[in-house]
Amino acid sequence: MLSMTRKRPIVPAPETNAGVTAIPVTHESLTVGGPLAQHVQAFDAPAQGAETSRGYSRRMARRTRLHGYALAAVALFAFVIALATANTANVKVSWLFGSSHVSLVWLLLAAAILGWLLGLVTNAALHRRTRAPRQARVSRI
């Protein structure tokens, strides 16, 4: 997925602390010009130029998509609550050795969680078996 943020150059903060001795940073990745500098952005830095119409439409499309996800989550939550209130009766569950009585809500919840966990395990197993082969490491002697 492409990043929707614009990269801004890092503007070093002006040295205004009179009489305060700064400790020099010696690690390369912590300096402003280090390898991570392109990913760091000053929060108080002004924006470089105005937002383009393409950037605006991307931002609005993302906002609309997030509103859709939120609406779907609320609808799913309401559906689960309605399902739970409609299925409060006790049912008999027959096991291999015996049987028990349990509320239908708990039976549905346990089946849903078990199915979700089995789906995660299956996905991980398939991903592991179908991943691209790793390159051989060169040993350094």
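Coordinate-derived values only; no laboratory data. Values in this document were obtained by computation on a predicted structure and should not be read as measured data. With ideal geometry, Cβ positions are generated from the backbone for all residues, glycine too; neighbour counts draw on all protein chains shown.
By its C-alpha gyration tensor, with a ≥ b ≥ c as the square roots of the eigenvalues, how is the range 82-141 shaped: rounded for a/c under 1.5, else prolate for a/b larger than b/c, else oblate? Don't jump to the answer; show the numbers that get you there.
Numbers: a/c = 5.52, a/b = 3.13, b/c = 1.76.
Prolate, because a/c is 1.5 or more and a/b exceeds b/c.
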Inset, instruction - Quickly work out the Leu71-to-Ala112 label distance, labels modelled 7 Å from Cα along the C-beta direction, and quote it in nm with one decimal. - result: 2.2
Legend entry - Cβ-derived FRET efficiency at R0 30 Å, Thr130 paired with Val91, nearest 0.05: 0.15
Legend entry - Order of Phe97, Phe79 under a 10 Å beta carbon neighbour criterion, fewest first: Phe97, Phe79
Legend entry - Relative exposure of Ser53, Ser103, Ser139, judged by other C-beta atoms within 10 Å (fewest first): Ser139, Ser53, Ser103
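Taking 0.36 nm per intervening residue step and subtracting the Cα-Cα distance, what contour gain separates Val102 from Ser53 on full extension? Could the numbers behind the result be given before it?
Working: separation 49, 0.36 × 49 = 17.64 nm, distance 5.80 nm.
Contour length minus Cα-Cα distance gives 11.8 nm.
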Inset, instruction - Using θ = phi - 60° and the Karplus relation 6.51 cos²θ - 1.76 cosθ + 1.60, list the HN-Hα couplings for the range 110-116 in order, rounded to whole Hz, with x at every Gly or Pro. - result: 5, 5, 5, 5, 4, x, 5
